[in-house]
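**Q** One structure, pasted below without further comment.
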Protein chains: 2
Amino acid sequence: MKLPSEKSAGRRKSRPTFESLQPHEIELADFFVRMAGILGVPRSVAEIYALLYISPGPLDFDHIQGRLGMSKGSVSQGLKFLRGHEMILSVKEKGARRERWQPTPSLAASLVALLRSQVLPALEQAQPSLQRVLADVQQHGANPEVVERLTRLNRWNSRALELAPLLLPPPGA
Amino acid sequence: MKLPSEKSAGRRKSRPTFESLQPHEIELADFFVRMAGILGVPRSVAEIYALLYISPGPLDFDHIQGRLGMSKGSVSQGLKFLRGHEMILSVKEKGARRERWQPTPSLAASLVALLRSQVLPALEQAQPSLQRVLADVQQHGANPEVVERLTRLNRWNSRALELAPLLLPPPGA
DNA sequence: CCGATGTTTCAATAATTTTTGAACTTAGGC
DNA sequence: GCCTAAGTTCAAAAATTATTGAAACATCGG
């Protein structure tokens, strides 16, 4: 099933044409796009993941670009993101020049990595900040209820920070 | 501590001036803005919440607008959002015309409500969609690995839907 | 090294989301 | 009922975020 098309005279190497997405592929992509949205992950990234997820084997750069009809730049950045969060793996065939991509075996692990990368830095950065705010408020002899609130917030943050390694274990554990 | 300012001749009712935020208030707002960002909640909403959180008592519309220097529209929409997610309460004093707002006692409960409202609808909407995709893929006699992946995805979604009431209990429970 | 293929970068553009403010609605006091 | 203060709505503007594509870079086989 290959449309020859594209004037293609004798010259080799006219860039191949790709089928556009099938209805069921679109539906799965919509699902991933929606879920990704919750975590603030851009559409193009979710689409790439969905395509790899529903494809019977690893795909290379050009296939991804062709089937999704998106720019090189987006594909490159999307793959970078997915790689960075260990959501995809490259399968480099021996004699081949190009890399081919497929989803990491565990989607669950991927999601954990994603969450981790969003939440942990925020919690870490917050720690000193929250402590300063609490100190400030106590100094200025503020309302006891406010002091209480901020104390609780601080405790929360610390606990979350302690628990994080358990709930969102780093890749090597 | 009240700046008289504003040419204010004898006429009553020049709109009052409000102090701009103190450094520690800004720092707390930054914290909330950052956390809200993870959940896709806009800056203005986080700022309003932060202000109520660090204020010694409930604040009315004009105070919020004045101290944060934001538009009426934003304050109105922000309060609507926070109300909708049960993150703030109004304290209506007897003889008073205007409502005054303060944070709900439990920030934890508020966050749960927020998460719930984002995640649950997505999971529910996904269910039939995922089932259709799986059926489609099975019909077209696709790669067994893909079928396996989609089956797992379906199971996950169902489980999440079952567990949701436990992890993200609705307000009345 | 060279030339060609494959990929990344990043400034410009497009798309999306948030904020504003003026017109409109609602509710209370008289 | 009318008038006014209080709050809401929503179209337009501003701000932010995502995407594109052309130029730069990297890497491999010869």
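**Q** Would you be able to tell me the number of residues in region A:47-104 that are acidic (Asp, Glu), within 12 Å of DNA strand C (Cβ to nearest atom) and buried (at least 20 other Cβ atoms within 10 Å of the Cβ)?
**A** Adding up the residues that qualify gives 0.
**Q** Run down B:97, B:132 and say which single residue is assigned by TED's automatic domain parsing to the domain that holds residue B:31 and free of Cβ contacts under 8 Å to residues at least 24 places away in the same chain.
**A** B:97
**Q** If only one of A:122, A:142, A:126 is surrounded by 14 or more Cβ atoms within 10 Å (Cβ to Cβ), at the interface with chain B (Cβ under 10 Å from one of its Cβ atoms) and outside any helix (DSSP H, G or I), which one is it?
**A** Among A:122, A:142, A:126, only A:142 is surrounded by 14 or more Cβ atoms within 10 Å (Cβ to Cβ), at the interface with chain B (Cβ under 10 Å from one of its Cβ atoms) and outside any helix (DSSP H, G or I).
**Q** Oh, and also: Within the group B:97, B:67, which residue is away from chain A (no Cβ under 12 Å) and in a loop (DSSP other than H, G, I, E, B)?
**A** B:97
**Q** Determine whether region B:102-125 contains at least one residue that is more than 29 Å from the chain's Cα centre (by Cα) and polar (S, T, N, Q).
**A** no
**Q** Starting from region B:25-44, keep only residues that are in contact (Cβ under 8 Å) with a residue 60 or more places away in the chain, then list their pairs with residues that are within 12 Å of DNA strand C (Cβ to nearest atom) whose Cβ atoms are within a distance under 7 Å, requiring at least 6 positions of separation or different chains.
**A** B:40/A:40
**Q** What's the number of the only condition in (1) of a type in the set (Gly, Ala, Ser); (2) within 14 Å of DNA strand C (Cβ to nearest atom); (3) exposed (fewer than 12 other Cβ atoms within 10 Å of the Cβ) that residue A:108 fails to meet?
**A** (2)
Rundown of residues vs (1) out of contact with any Leu (no Cβ under 7 Å at 6 or more places or on another chain); (2) within 28 Å of residue A:43 (Cβ to Cβ); (3) not basic (Lys, Arg), yes/no style:
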site: A:65; (1), (2), (3): yes, yes, yes
site: A:100; (1), (2), (3): no, yes, no
site: A:126; (1), (2), (3): yes, no, yes
site: A:140; (1), (2), (3): yes, no, yes
site: A:144; (1), (2), (3): yes, no, yes
site: A:159; (1), (2), (3): yes, no, no
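**Q** Out of B:77, B:65, I need the residue that is closer than 18 Å to residue B:18 by Cα, within 14 Å of DNA strand D (Cβ to nearest atom) and modelled with pLDDT of 95 or more. Which one?
**A** Of the residues listed, the single one that is closer than 18 Å to residue B:18 by Cα, within 14 Å of DNA strand D (Cβ to nearest atom) and modelled with pLDDT of 95 or more is B:65.
**Q** Also, I was wondering about something else. Any residue at all in region A:136-157 that's farther than 24 Å from residue B:104 by Cβ, in contact (Cβ under 8 Å) with a residue 12 or more places away in the chain and hydroxyl-bearing (Ser, Thr, Tyr)?
**A** For region A:136-157, residues farther than 24 Å from residue B:104 by Cβ, in contact (Cβ under 8 Å) with a residue 12 or more places away in the chain and hydroxyl-bearing (Ser, Thr, Tyr): absent.
The values are calculated or read from the model by the stated rules, or taken from the named source; none is laboratory data. Since the structure is predicted, the reported quantities are computational estimates derived from the model, not experimental observations. No Cβ is skipped: glycine too gets one built from the backbone with ideal geometry, and neighbour counts run over all protein chains shown.
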